[in-house]
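Only one structure is covered here, and it is reproduced in the block below.
The values are calculated or read from the model by the stated rules, or taken from the named source; none is laboratory data. Computed from a prediction, not measured in an experiment: that's the story for all the values here. Note that we place each Cβ from the backbone using ideal geometry, even for glycine, and neighbour counts take in every protein chain shown.
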Amino acid sequence: MKLKANCTMTVKAAEDCPVVAMLRPRSGQAQWMISERYELSPWVRTTEYVDSYGNLCQRLKIPQGEMRIEVEMVMETEEHIRVTPGAPPTPVEWLPDDALLYLLQSRYCPSDKMEPQAREIVGDALPGYDQVEAIRRWIHENLEYRYGVSDATTDALDTLGHGAGVCRDFSHVGVALTRSLKIPARVVVGYLYQLDPMDMHAWFEAFIDGRWYTFDATQAQPRGARIVVAYGRDAADVAFVSNYGPLEMGEMNVSVERLGG
């Protein structure tokens, strides 16, 4: 299916502020870039590189004052995500080299402290896909989606203690519990068609039976129609703007529409 996504934001700098942004998706196996538009007002020189997770990153210096950033893309993406109950885990010794780091605990995903709870949650579910789906379902049924209970320092254990959070927090819990079972897991950020309320979104993926599978604990049922912007160990790796000086985030508007029926 063909999706058009738009993200428009304003930022305000008290003085010139270097930033690294992640605003542009890449083509890959599950999505293909058809067209894109990327505008900065006022315009400043921007360079781009690919980070160690394969994400496109933009480096620029936001000048003193207000800047408007707009990104628009048309992507061909999968209407449905693959669901494979019973898929077995990939033994650690067979994992691809680039999946190994997603077994490690990270800043917001202290998986080394969470195996007992993960074992309790998955119960007698078959190792692999069924275990991760049990984790996703448990998060959806037991944590409340609520704004205002988390901030930039909240990790997965904090979210479990609060019993509530937003998509970022749900993803951290899913990743941490999954990693504790020796299954690689990573945070994903991007766009989801018909997300309510519409915003940038976060979910997680797990490496099972030789491939990555999508899991989204904010949704009751598996849903495709996603545009991936970035992957990482946790939210620290996938921030859409990382500023290295004072920067005030203003209004941000996100829209996703289906093209061609």
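Limited to segment 78-89, what total is found for residues that are touching a Gly at 6+ places or on another chain (Cβ under 6 Å) and not charged (D, E, K, R)?
Residues in segment 78-89 being touching a Gly at 6+ places or on another chain (Cβ under 6 Å) and not charged (D, E, K, R): 5 in total.
Take the residues in segment 220-251 that are over 12 Å from the mean Cα position of the chain (by Cα) and not in a loop (DSSP other than H, G, I, E, B); name whichever of them is farthest from MET67 (Cα to Cα).
Ranking the candidates gives SER242 first.
The conditions are (1) farther than 22 Å from PRO88 by Cα; (2) among the charged types (D, E, K, R); (3) under 17 Å from the mean Cα position of the chain (by Cα); (4) in a helix (DSSP H, G or I), and ARG136 fails exactly one of them. Which is it?
(1)
As an exercise: evaluate ASP98 against (1) out of contact with any Cys (no Cβ under 8 Å at 6 or more places or on another chain); (2) exposed (fewer than 13 other Cβ atoms within 10 Å of the Cβ); (3) not small (Gly, Ala, Ser); (4) not assigned by TED's automatic domain parsing to the domain that holds PHE207 and give the number of the one condition it does not meet.
Condition (4) is where ASP98 drops out.
How about segment 201-238: which of its residues are farther than 18 Å from LEU181 by Cα and β-branched (Val, Ile, Thr)?
Residues satisfying the conditions are THR218, ILE227, VAL228, VAL229, VAL238.
Being touching a strand residue (DSSP E or B) at 6+ places or on another chain (Cβ under 8 Å) and closer than 27 Å to MET1 by Cα is true for just one of ALA164, ALA185, ALA176, ALA156. Which residue is that?
Being touching a strand residue (DSSP E or B) at 6+ places or on another chain (Cβ under 8 Å) and closer than 27 Å to MET1 by Cα holds for just one of ALA164, ALA185, ALA176, ALA156, which is ALA185.
Give the residue that is farthest from ARG107 (Cα to Cα), with candidates limited to residues of segment 171-219 that are β-branched (Val, Ile, Thr) and not in a loop (DSSP other than H, G, I, E, B).
ILE208
Among LEU40, LEU23, LEU3, which is the only one that is among the hydrophobic types (A, V, I, L, M, F, W, C), surrounded by 14 or more Cβ atoms within 10 Å (Cβ to Cβ) and assigned to a loop (DSSP other than H, G, I, E, B)?
Selected residue: LEU23, the only one of LEU40, LEU23, LEU3 that is among the hydrophobic types (A, V, I, L, M, F, W, C), surrounded by 14 or more Cβ atoms within 10 Å (Cβ to Cβ) and assigned to a loop (DSSP other than H, G, I, E, B).
So, of the residues in segment 140-170 that are buried (at least 19 other Cβ atoms within 10 Å of the Cβ) and touching an Asp or Glu at 6+ places or on another chain (Cβ under 7 Å), which turns out to be farthest from TYR108 (Cα to Cα)?
THR159
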